[in-house]
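Since the structure comes first, as structure tokens, the remarks are kept for the end.
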Amino acid sequence: NREWHLLSRPVGWPKPEDFALVDAEAPTPGEGQVLVRNKYLSVDPYMRGRMSAAKSYVAPFELGKVMQGGAVGEVVASNAEGLAVGDHVLHFFGWREYAAVDAKNAVKVDPGTAPLSTYLGVLGMTGLTAYAGLLRTAAFKEGDSVFVSGAAGAVGSQVGQIAKLKGASRVIGSAGSDEKVKLLLEEYGFDAAFNYKNGPVSEQLRAAAPDGIDVYFDNVGGDHLEAAISSLNRGGRIAVCGMISVYNNTEPAPGPKNLARLIQTRGRIEGFLVGDHYDLQPQFVEEVGAWVRSGELKYRETVVEGIENNLEAFFGVLRGDNVGKMIVAL
Ligand code: NDP
């Protein structure tokens, strides 16, 4: 049973030396537990936060211990009622090959309904993040013009498509390569898109949204947030989902210089955490599940093979190697 440990807390960009792939004994499931052989592991930007000691909404990863994360696997031994060998479960003990999981912390998933990896992405945590952040936090309504950053990623690609499906007047996305921009326009149906590396975000956004924006879904922070505030229309809403451009900073990033515009626009900026919105899960699964099945909502996954490449896959998310959800397949 190989598992990834955090050895030292990264300063700035994480380095391979901060981690180790360790050969550990396979866990024995206790009473009420199942032994799960993991098949798909999630790597997510928020994990960078858990590598630091700073107080946050989840405890930091412990040094010298196995890290955690979303995972889907097959039950190979069961000491729990309701879960049998051969069942598949979603749980939170990723970064390892085998996990002993309390049945109450495992959610049974059906590989017959949807591919197992989608329970980590389009039908899982990142999907609900897009759904809740757009519909609840940003209070999206038909006719809104919506801008989303990180638009070719797991959350962002779903935000843009949900906005389109729910009647946005215009959807604009930004991403870090010309190929990703092409994908937004040609596959996901965005009305406009730009590569933020090709020029100042504020200018590119103004050109892409000459009539301004009503909603900004922020995955990135920094220049993107400042540009969105400058393009915000009266009554505009900004949902702060993530700020990946600052996760590896060693100094606090400067704030947007144009916050006074929120007074003129009566604009609102609000952060949210997906964990507070699981009451929307049934509605999300029904509505988004139907769009995925009908092909109206498209999704991509970038799949990296092997537990030994789990760390590189995580680095890849920070670098932007992924299109759609980054998944590690075991
Ligand atoms: P993604 O699939 O979007 O992967 C991250 C992407 O971020 C990369 O592919 C890369 O794409 C982009 N990126 C990296 N560095 C920068 C940079 N400096 N500037 C702009 N873009 C950058 O990840 P997720 O969809 O899982 O997460 C998206 C955001 O949502 C993250 O900020 C994450 O922390 C946040 N999040 C928040 C949740 C919440 O509850 N609030 C829950 C889940 C996610 P590119 O090539 O375009 O640069």
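Over all other residues within a Cβ to Cβ distance under 15 Å of Gly271, the charged ones net out to 0, with Lys and Arg as +1 and Asp and Glu as -1.
Would you please give the FRET efficiency between Arg206 and Ile263, computed as 1/(1 + (r/R0)^6) with r the Cβ-Cβ distance and R0 = 22 Å, to the nearest 0.05? The formula returns an efficiency of 0.60 here. For the pair Leu7 and Ala77, label points projected 7 Å from Cα toward Cβ lie 3.0 nm apart. Taking the inverse of the mean 1/r over every pair of distinct Cα atoms in the chain gives a Kirkwood hydrodynamic radius of 20.5 Å.
How much net charge surrounds Ala313 when only other residues with a Cβ under 12 Å from its Cβ are counted (Lys, Arg +1; Asp, Glu -1)? Summing Lys/Arg as +1 and Asp/Glu as -1 gives -4. Build a GNM of the chain with springs between Cα atoms under 10 Å apart, and of Asp144, Asp276, Asp214 the one that fluctuates most is Asp276. The trypsin sites (Lys or Arg not before Pro) of segment 90-158 that DSSP puts in a loop, and whose beta carbon has at most 14 other beta carbons within 10 Å, are Lys141. Between Glu305 and Asn105, the contour length at 0.36 nm per residue exceeds the alpha carbon distance by 69.4 nm. For the chain, modelled as a GNM whose springs connect Cα atoms under 10 angstrom apart, the maximal fluctuation among Pro282, Pro111, Pro16 occurs at Pro282. Pick out, from Met51, Gly64, Ala20, the residue whose Cα sits farthest towards the positive end of the charge dipole of segment 17-71, with +1 on the Cβ of Lys and Arg and -1 on the Cβ of Asp and Glu. Positive-most Cα among the choices belongs to Met51. Between Gly295, Ile172, Gly275, the Cα set farthest toward the positive side of the dipole of the chain (charges on each charged residue's Cβ, about the Cα centre) is that of Ile172. Computed about its Cα centre, the charge dipole of the chain is approximately 940 debye, with only Lys, Arg, Asp and Glu carrying charge at their Cβ.
Over 22 Å between C-alpha atoms is what I'm after, so list which of Lys182/Lys325; Lys180/Lys298; Lys39/Lys180; Lys164/Lys325; Lys182/Lys298; Lys180/Lys325 land there. From the list (Lys182/Lys325; Lys180/Lys298; Lys39/Lys180; Lys164/Lys325; Lys182/Lys298; Lys180/Lys325), the Cα-Cα distance tops 22 Å for Lys39/Lys180. Going from the fewest other Cβ atoms within 10 Å to the most, the residues Tyr119, Tyr98 appear in the order Tyr98, Tyr119. Computed extension gain for Lys141 through Lys298, at 0.36 nm per residue and net of the alpha carbon distance, reaches 54.4 nm. Where in the chain are the helices, taken as whole DSSP H runs, whose Cα atoms extend 18 angstrom or more along the long axis and whose Kyte-Doolittle mean reaches at least -0.5? Taking the DSSP H segments of the chain (at least 18 Å long, mean hydropathy at least -0.5), we get 281-294.
Separation of segment 11-61 and segment 275-330, taken as the distance between their Cα centroids, equals 18 angstrom.
None of the figures in this text is laboratory data; all of them are computed from the coordinates on show. These numbers come from a predicted model, not from an experiment. Ideal geometry is used to build each Cβ from the backbone, glycine not excepted, and the neighbour counts take in all protein chains shown.
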